[in-house]
Amino acid sequence: MKRQDGFPEDFVWGCSTSSYQIEGAASEDGRGPSIWDTFSHTPGKVVQGHTGDIACDSYHRWREDVALLKELNAGAYRFSVSWTRIQPDGKGKPNQKGLDYYSRLVDGLREAGIEPWLELFHWDLPQALEDAGGWRNRDTAFRFEEYARIMYKAIGDRVEHWTSMNEPWCAAFLGHLTGEHAPGLRDREKTSRAVHHLLLAHGLAARAYREGGFKGEYGLVINAAKPRPATLRPEDVEASERASIERTSLWLDPVFGRGYPELFMQHFGSQMPIEPGDMDIIAAPIDFIGVNYYNEDAVRAALLSEENPYGFEYVPTWQRKTEMGWDIEAQGLRRILMHIARNWPAKVLYVTENGAAFADAPSPDGVIRDYDRIEYLREHLAACRQVIADEVPLKGYFVWSLMDNFEWSFGYTRKFGLVSIDHITKARRPKLSFYYYRDAIAGFGL
Ligand code: IFM
């Protein structure tokens, strides 16, 4: 059944956040340090020395967050678990206080009629595991499985939507190749090792979920991208395909049992620590792909070389940009969803993140009139409606983010929220986009 605005009645309307970005309470109730605690406390890594020590204080104020979601009439809340609240050293006996926190949150959401969408890993790897080699070390994948099993056992009866991890591309490439993210390394071979072990961890955790006999939906969330070709000349069209490998097929091909993309293997295969049986584990069946989409780039063909193994370069574009410097191109969302639906046999797709950072200056009356964000959301929701009409199995949409939060190496200087946070009092204040999204959920947004 379709609503008047063209969205199916059972479309999932949600908001997303992640543990390190919102929780704070960094050393409370037995939580151990993660790589993001270390990274943010390292001078020069995060703008203005910001850290997630207090963040939005959601660890204490989660009831307020749930009340906001209820006011929106959101159907789902996608949040991540801080691994070091559960296992402060990344292994062994679980910390009951950490489990209790997520158990209370899950119960609070369900009482408010909001489905919890739980994500096991959103980049905050236990520092103790990093000290033992992090994602470069095969053992980390098995530690992840152990942690996943703890979570399934503790709240698998009350959470019906699980994702193993968020944007493993960022954990691998920003963390190990460009050094912009924790652990801040710059090494191609370490990146390749991280890619394989992240995927192995995903597969082990997905398999463990099935073995546990749980009936919920299980998925992987990626920040898929396929830059459009600058022109329709065949060489640019081919360059656009190659430009999408590391963000898209590198993750989806192995998860759908096709092994790693050939071109990636030609260049980096010798660095991939693949052991017999790994590819079968990675291909454990999943129910959905979560797609995080913010922007689309454009590329043209360039000479293939060791420095440019995929033979493409970015070209200037005309689109307006957000405060991240990212182009605003809602048709890019339609294109990436179509691309995935055509090329991988996913039963269901969700847009698990979409949103925009803007400066959001409050008016003298204190109201944040974030019409730029409203326009962004409206255009991207229209693109979702379009792909649904084109029979892409898109079943839900989550705004990034419910509230302004710790935007990684940008600290609190980039604001994506529907709700602003007073960083002294931690008071929450809805922006106009909050009310826009409430209308969109009710069917009046387009
Ligand atoms: O804040 C991040 C989030 O943690 C992962 N996806 C992109 C968002 C905006 O940069």
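Okay, here's what the table says:
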item	result
Among 89-101, 57-69, the order from most to least packed when residues are scored by Cβ within 10 Å on average	57-69, 89-101
Relative contact order computed over the stretch 377-427 (Cα-Cα under 8 Å; 6+ residues apart), in percent	24 percent
Theoretical ellipticity at 222 nm over the chain - DSSP helices of four or more residues, -39500 (n - 2.57) apiece, nearest 500	-11000 deg cm²/dmol
Rel. contact order, % - alpha carbon contacts under 8 angstrom, at least six apart, the chain	17 percent
Antiparallel DSSP beta bridges within the chain, percent to nearest 5	20 percent
Rounded if a/c under 1.5, otherwise prolate or oblate - the stretch 196-276, Cα gyration tensor axes	oblate
Modelled label reach - Q266, point 7 Å along Cα→Cβ, the stretch 238-255 residues with backbone N closer than 13 Å	239, 242-243
Unit charges at the beta carbon, dipole of the chain: most positive-side option, W344, S40, Y152	Y152
Packing-based exposure ordering (other Cβ within 10 Å, fewest first) of C384, C170	C170, C384
Residues S103, S270 arranged by fewest to most Cβ contacts within 10 Å	S270, S103
Which listed pairs, of K93/K395; K93/K415; K97/K395; K45/K153; K321/K415, have C-alpha distances above 26 Å, in listed order	K93/K395; K93/K415; K97/K395; K45/K153
The stretch 308-446 - percent relative contact order, Cα under 8 Å, separation 6 or more	24 percent
Order by protection proxy (mean Cβ within 10 Å, highest first), peptides 280-286, 134-140	134-140, 280-286
Shape of the stretch 301-446, Cα gyration tensor, a/c cut at 1.5	oblate
Cα gyration tensor, the chain - rounded (a/c under 1.5), prolate or oblate	rounded
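The numbers here are math on the coordinates, done by the rules we state, and not lab data. These numbers were taken from a predicted model, which means no experiment stands behind them. Neighbour counts run over all protein chains shown; Cβ positions are idealised from the backbone, glycine included.
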